[in-house]
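Below is one structure; the comments refer to it alone.
The values are calculated or read from the model by the stated rules, or taken from the named source; none is laboratory data. Keep in mind the model is a prediction, meaning the values are calculated, not measured. Note that each Cβ is placed from the backbone with ideal geometry, even for glycine, and that neighbours are counted across all protein chains shown. The area values use the complete protein model at the heavy-atom level, side chains included, leaving out ligands, DNA and RNA. Shrake-Rupley method; radii C 1.70, N 1.55, O 1.52, S 1.80 Å.
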Amino acid sequence: MIPAKDDDDPPEPPMLDITALLELLCYTGDELVGTFVKHGDGETQTAVLPLADVAGYVSKLPEDADVFFGVNPTAGPERENAGRGGDDDATRLAAMVVDLDFEDGKCPSVEVAETIVSTVSGVLGTRPSAITHSGHGWHVYWPVEDGLIGDTAKARAILKRFGRLVAVVAKSHGAKVDNVFQPGRAMRLPGSNNCKRDGERLPVRCYEDTGAPLTLVELDERLVEVGIYEEDGDTAHVDPENVPDAWDFADDTCGYVRAIIDELPTDHPSTTKPGRHPWVVKQAVRLACAVRLGCITENDWSTAQEALHARLVELRRRTREKVPALEVPSTFAWAVEHVATTKTDEQSRDDLGQHVHRNDDPYADVDVDDTSEDDPITGNKTKTRSLTWLSGNDIRDDVPEWAWEHGGGGRAQRATLGLFAGRPGAGKSTAARSFAADYSNGKLEGCFAGKPQHVAYIASEESVEYMVKPSLRAHGADMSRIHFPKVEIDGQEVRLSSRDDEKALTDGLRELGVTVVFVDPIMSSIGSKVNINHNNEVRDYLEPWARIARAINGAVIGIVHLTKAPGGEVVAAINGSSAFGEVARSIIAFAKDQQSDEGLRVLSQEKNSAGPEDLALEYTLTPVPVTTDSGRTANVVRFTILGKSDRRVSDVLQTDPKERNVAKGGTKMLEVLQAVEASDHPVTADRLSPGLRISKDTLGRYLRRLADDGFIRKAGRGEYVRRGLGTTTEESA
């Protein structure tokens, strides 16, 4: 970002309009520019026009239009709403472009972006010539002065190689970049507005940098110097949407792929295919196939690259050749795209000797009985899958049974997964132990009423000895009917995994006669490398619990945490993927009522797939002493339902609209507000950043939010004051 100017700051770099930027990209008067416009109502329009007409055309567009221009000149004729020109229409490579988005999962900060730009500049031997601030990131331009396209395929190849350079550099700094490395790529037009998100209208501004244009020969030489060569398929068109950001890595590297990695320190290029780089390519493709098939962990993927680089250094030392720094990582980046766009799953297995990994089959671990056999060719375990059909007459329909009923309605359905959800301190775990105790004594209404049940309690965040058992004791549990699992690997105790331990867990529950399972919290049974915001990944670990509930013909209750629910949408506030709310058949939410002087709490039914959702009850958490097995006294709390409530959890968690944006920033936002209120002069993100230890980019967002919500006032461009201090620029105007 360009910060607010201070007296001691260096001069602000010149700002460029679209005409000046195109001239910087070596456009000439006879070259045509393709534009793409998306209006606020969703209507789109295109135009292909000369350089001299672009500014006038754009000036007539409404301010709520998102406007993009083709970085590279396009083939004619001049036209409107007849296409702006695609990859095959580009007539010249005008620039190498990098798109850096400032958001989670992309580029985390301006500082990281500058590091990426500086590193790429070091490889190319020059700074960029222009950087556009798009409103949510940077578009960085390195002009090419002799990029006339006589061969579109060659243009694609140099762009893809540059793209691998940027991707590898970004990854080394914990960032990802958008794939904008195609001849027909369009970028945001300087002087327009970025209207992409939530009605925001952010100016798109372009600033001149200090770099000089490159030639194609210079680009090629500098890419070769760091080991980024033209590879098979680089000249072909590839839709960037077909290239995965990342395949799912395995939880464990299988034995077949482990052997490949272990052999790398002693492996050598084949005598029938001489050349060290082709050998690197071959290994990269095999390992990319392993990633695609879920046969290798992320850690071993990195380990393999390190081992391959070390072996390459050793081999080339004999011929006194150096190994370019980026040869191996860029080849692996190419291999991922190559495998994704040119190979099927079966072809990927061919590259791995027809190896079959269990993660290839999402249903491989479902069967209780192991019907696998040794494949006579590969020696790998295989499973026989079958598909059968049933008619409506073959299925016996019925009404649901309820593991818990209350107030004349079913609340937790038998043979399903349910959730207890709440924020920290709400008492959801205490409630779970109360329910567990009542099940062990047959006290809960429902299909188990009067029938004491065996209960499994799976706890990972709280000590069973010091917290869970004393709490169960406080609620009168029959301890002979409460069971705790213990999982070990080579004698080392580890957390239970719903996916890996499903069969053993199901068998154990059946043997003990357990019909009710509490998992506190259910998140602990999900693999540590799983992205809890990815629906499919989370489902792989939630669905085993649903299958277990059916297998024991009982109930599984998982404990989950809630984030804040500004709109009162409790199910949507469950921390992580929407899969939690989708897989569970019932959800009971718990919350502390901040408006209650007596410290009352509220529980309510927020989802019930087969019954009513009208449940709303008040409860308390009361301190009680219990005597433990050691004879000593433990102080715990007891969960007690008092009766009906006129408020629901959604009412309790509803956030005041004026406080929503401020809540997102937490204590940091409060620090910013206090800093503004303590100043008798206008403050800027640039001036506050060092003292608050918050990046200027984040500070700018906080200041804008506080001003939007009326906590502070805007006093000028990038300047803010406390309310009541002076008059804002907008008012004086």
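As a ratio to 2.2 N^0.38 Å, the alpha-carbon radius of gyration for the stretch 388-520 is 1.19.
Take the eigenvalues of the Cα gyration tensor for the stretch 129-212, scale each by 5, and report the square roots as semi-axes in whole Å, largest first.
Working: eigenvalues 122, 57, 38 Å².
Semi-axes (√(5λ), whole Å): 25, 17, 14.
Dipole of the stretch 1-154, Cα-centred, from +1 at each Lys and Arg C-beta and -1 at each Asp and Glu C-beta, to the nearest 20 debye? Display every interim value, and only then the final one.
Values: 9 positive and 29 negative charges, 89 e Å.
Result for the stretch 1-154 is approximately 420 debye, rounded to the nearest 20.
Each Lys and Arg contributes +1 and each Asp and Glu -1, all at the Cβ; summed about the Cα centre of the stretch 496-636, the dipole is approximately 260 debye.
In this label model, LYS529 and HIS237 are separated by 3.7 nm, measuring between points 7 Å along each Cα→Cβ vector.
Cα gyration tensor of the stretch 516-624, axes a ≥ b ≥ c as square roots of the eigenvalues: rounded (a/c below 1.5), prolate (a/b > b/c) or oblate? Judged from the Cα gyration tensor, the stretch 516-624 comes out prolate (a/c at least 1.5, a/b above b/c).
Scoring 397-406, 488-497 by mean Cβ neighbours within 10 Å over their residues and listing the highest first yields 397-406, 488-497. Does anything in the stretch 480-504 have its amide N under 18 Å from the 7 Å Cα→Cβ label point of ASP252, and if so which residues? Hits in the stretch 480-504 for ASP252 at 18 Å: 486-504. Taken one residue at a time, the phi angles of the stretch 103-113 give Karplus couplings (6.51, -1.76, 1.60, θ = phi - 60°) of 6, 4, x, 10, 9, x, 6, 5, 4, 5, 4 Hz. Gly and Pro are set to x. When the Cα gyration tensor is reduced to axis lengths a ≥ b ≥ c, the ratio a/c is 1.5 or higher for the stretch 584-644, and with a/b not above b/c it is classed as oblate. Toward the positive end of the charge dipole of the chain, with +1 on the Cβ of Lys and Arg and -1 on the Cβ of Asp and Glu, the farthest Cα among GLY527, ALA130, GLY199 is that of GLY527.
GluC sites (Glu not before Pro) within the stretch 267-354: which are DSSP loop residues with at most 15 other Cβ atoms inside 10 Å? Don't skip to the answer; put the middle values down first.
Numbers: sites: GLU298, GLU306, GLU314, GLU321, GLU327, GLU337, GLU346; in loops: GLU321.
Passing both the DSSP loop test and the Cβ count: GLU321.
In the full protein context, the chain carries 49 Å² of accessible surface per residue, based on a 1.4 Å probe and ignoring ligands, DNA and RNA.
Here the stretch 671-720 is treated as a sphere whose radius is the Kirkwood value from Cα pairs; by Stokes-Einstein at 4 °C and 1.567 mPa s it diffuses with a coefficient of 123 µm²/s.
Indicate the gyration tensor shape class of the stretch 178-224 (rounded, prolate or oblate), computed on the Cα atoms with a ≥ b ≥ c the square roots of the eigenvalues: a/c under 1.5 is rounded; otherwise a/b larger than b/c is prolate and the rest oblate. Don't jump to the answer; show the numbers that get you there.
Numbers: a/c = 3.65, a/b = 2.05, b/c = 1.78.
Prolate, because a/c is 1.5 or more and a/b exceeds b/c.
List the pairs from LYS106/LYS696; LYS176/LYS714; LYS176/LYS343; LYS106/LYS529; LYS592/LYS714 whose alpha-carbon separation is above 26 Å, in the order I gave them. The answer is LYS176/LYS714; LYS592/LYS714.
Dividing the alpha-carbon radius of gyration of the stretch 288-348 by the rule-of-thumb value 2.2 N^0.38 Å gives 1.29.
If each DSSP helix of 4+ residues adds -39,500 (n - 2.57) and the sum is divided by the residues in the chain, what number results at 222 nm, nearest 500 deg cm²/dmol? Could you put the intermediate results ahead of the total?
Numbers: 20 runs with 232 residues, N = 733.
So the calculated ellipticity at 222 nm is -9500 deg cm²/dmol.
Residue-wise HN-Hα couplings along the stretch 645-651, as the Karplus relation 6.51 cos²θ - 1.76 cosθ + 1.60 with θ = phi - 60° gives them from phi, are 10, 8, 10, 10, 4, 4, 5 Hz; Gly and Pro carry x. Our Cα-only numbers for the stretch 66-124 put the radius of gyration and Dmax at 16.0, 43 Å.
Quick one: divide the alpha-carbon radius of gyration of the chain by 2.2 N^0.38 Å and tell me what you get.
Normalised by 2.2 N^0.38 Å, the Cα Rg of the chain equals 1.16.
Compute log10 of I(q)/I(0) for the stretch 496-559 with the Debye formula, placing one identical point scatterer on every Cα and leaving out solvent, at q = 0.25 Å⁻¹, to two decimals. The Cα Debye sum returns log10 ratios of -1.08.
For ASP88 and GLN347, a Förster radius of 25 Å and the Cβ-Cβ distance give a FRET efficiency of 0.35, rounded to the nearest 0.05. With kT/(6 pi eta Rh) evaluated at 20 °C and eta = 1.002 mPa s, and Rh the Kirkwood radius from Cα pairs, the stretch 23-159 diffuses with a coefficient of 131 µm²/s according to Stokes-Einstein.
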